[in-house]
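Okay, structure first, notes after.
The values are calculated or read from the model by the stated rules, or taken from the named source; none is laboratory data. Bear in mind that the values here come from a model prediction, so they are computed numbers and not experimental data. Heads up, the Cβs are rebuilt from the backbone with ideal geometry, glycines too, and the neighbour counts pull from every protein chain shown.
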Amino acid sequence: MMLALTACGAASEDAESEAAEYEGEAESDSSYGETGEVVAGETYDEYDERRDALDGEQGSYAGSGCTVDCSGHEAGYNWASDNGITDPDSCGGNSWSFVEGCRAYAEENADY
């Protein structure tokens, strides 16, 4: 499977610095998207609705829309890659975009 990064607006020039910004975000969380779970002040449903309202204006990363830029998705994806995450349920963090990026990597590399 090939990952496509498109129109991410103000995406970071240095992916390493973005990953460092989100360092420590990922932690085990098997309740991804569970109704009522709050990350960064909103449930996944609220985040999803807010992101979908942008209708791709901020770009997309691995099939998920971005809300501001794609740095959170990129950081989550890179973190999962650096840490060999192959179980999407092992992704967690302080932002839904980080979780989505982590899950994108894990799903691409799942060892089911």
Selection count where residues are of a type in the set (S, T, N, Q), part of a helix (DSSP H, G or I) and without any contact (Cβ under 8 Å) to a residue 60 or more places away in the chain, scope the range 66-107: 2
Residue count, the range 68-103 (criterion: surrounded by fewer than 24 Cβ atoms within 10 Å (Cβ to Cβ) and within 18 Å of residue 58 (Cα to Cα)): 3
Residue within the range 22-33 that is part of a loop (DSSP other than H, G, I, E, B), farther than 14 Å from residue 102 by Cα and modelled with pLDDT of 60 or more present: no
